[in-house]
Ligand SMILES: Nc1nc2c(ncn2[C@@H]2O[C@H](COP(=O)(O)OP(=O)(O)OP(=O)(O)O)[C@@H](O)[C@H]2O)c(=O)[nH]1
Ligand SMILES: [Mg+2]
């Protein structure tokens, strides 16, 4: 199941814009008709106008329905995001309304075009065209609110994070201000995308790095996994449940310097809570802001920073590792930077352990000719 590319969802016009566009197109189509016989010409013109208006509306509406991602084909994570930001029921209902109106417009167009076929007088032909336009406008009027909903929803949905289900996903958790976003930036090749969770005003970073042509995504969790359970609403819980499905690994970032403002005891409690919230997801706990930690030997630290710099020009060089003597956790610093290469290596190894099946190996009991 591939991820929804929210940025690609098409714009939805307002009701007036949509009708204007369709009727202008219909008028042009009518004007193109040439026939010396007035009766024939009028009949053809009216038929063209009705059909062209019906076609224009129904094709635009159906195009939206097809290009807007269907909830049935979305990952649990994307569904949770839609539910939290715009509501799944309204989303489904609005797209359903567009589909319904598309069919209705076509029906009206063919009914009135059929009527015209039997007509011999000019005035009723104009009446039939007018009647068709009236009925089409009234059908469209009934979905005006749905169009407004979709237009507004698009603005919200475009800011949501995108997680590709085909790639490994690392969920970065930790107390506020511990350096989660800085870590994602330091680990990513290229600039992380800025997105938004529907339940927080804080910016969310989605970064990625490559290892042996495999892509690893790093997802930030501001305002999601950094607060006590009782402050969370059901929508946030749903998003957390979805993270459980997309996350191959949870990286829990501690800030033993407490420079971020959260005491270690509270961070320990949060760690327990996150482990409980994502019970199926393997967890790596690391200590951040290593450059501020007094318990780290300064000479050792300088050596690690130097080796990390050397890796930039020689990626196959030795990967330095430094641990906090108090906690035993890997130590990193996003600002120095240090320990970043080791952490990438650790992530790749831990995720690799979960999928250690050789993709080229045959299933058990598979018949082989050479046996
Ligand atoms: N000294 C030092 N400061 C850091 C490091 N990483 C982050 N910071 C600082 O810590 C502060 C918070 O960093 P962020 O990356 O925004 O932290 P966050 O966890 O994403 O914060 P929220 O999204 O608000 O929960 C910023 O002022 C950073 O400059 C580090 O490795 N060393
Ligand atoms: Mg952040």
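Residue check: is residue 207 in the same structural domain as residue 312 (by TED's automatic domain parsing), within 25 Å of residue 7 (Cβ to Cβ), within 14 Å of ligand 2 (Cβ to nearest atom) and in contact with a helix residue (DSSP H, G or I) (Cβ under 8 Å, 6 or more places away or on another chain)? Walk me through how you get there before you give the answer.
Values: in the same structural domain as residue 312 (by TED's automatic domain parsing): yes; within 25 Å of residue 7 (Cβ to Cβ): yes; within 14 Å of ligand 2 (Cβ to nearest atom): yes; in contact with a helix residue (DSSP H, G or I) (Cβ under 8 Å, 6 or more places away or on another chain): yes.
Yes.
Mind checking whether some residue in segment 196-203 is within 15 Å of ligand 1 (Cβ to nearest atom) and part of a strand (DSSP E or B)? There is at least one residue in segment 196-203 that is within 15 Å of ligand 1 (Cβ to nearest atom) and part of a strand (DSSP E or B). Within segment 125-151, being farther than 17 Å from residue 48 by Cβ and without any contact (Cβ under 8 Å) to a residue 12 or more places away in the chain holds for 134, 138, 145.
The single condition among (1) closer than 20 Å to residue 327 by Cα; (2) surrounded by 14 or more Cβ atoms within 10 Å (Cβ to Cβ) that residue 272 does not satisfy is (2).
Within segment 268-292, being within 15 Å of residue 183 (Cβ to Cβ) and more than 29 Å from the chain's Cα centre (by Cα) holds for 287, 289, 290, 291, 292.
Might you check whether a residue that is modelled with pLDDT under 90 and more than 29 Å from residue 354 (Cα to Cα) occurs anywhere in segment 170-184? Walk me through it before giving the result.
Filtering segment 170-184 for residues modelled with pLDDT under 90 gives none.
No, segment 170-184 contains no residue that is modelled with pLDDT under 90 and more than 29 Å from residue 354 (Cα to Cα).
Residues that are surrounded by fewer than 12 Cβ atoms within 10 Å (Cβ to Cβ), free of Cβ contacts under 8 Å to residues at least 24 places away in the same chain and either under 14 Å from the mean Cα position of the chain (by Cα) or in a loop (DSSP other than H, G, I, E, B) (or both) within segment 1-35 comprise 32, 34, listed in sequence order.
Considering only residues that are within 15 Å of the chain's Cα centre (by Cα), within 13 Å of ligand 1 (Cβ to nearest atom) and touching a residue at least 24 places away in the same chain (Cβ under 8 Å), look in segment 172-195 and name the one that is surrounded by the fewest Cβ atoms within 10 Å (Cβ to Cβ).
This residue is 195.
Checking each residue of segment 320-331 against the condition of being part of a helix (DSSP H, G or I), in contact with a strand residue (DSSP E or B) (Cβ under 9 Å, 6 or more places away or on another chain) and modelled with pLDDT of 85 or more gives no match.
The values are calculated or read from the model by the stated rules, or taken from the named source; none is laboratory data. The structure displayed is predicted, hence computed values, not measured ones. With ideal geometry, Cβ positions are generated from the backbone for all residues, glycine too; neighbour counts draw on all protein chains shown.
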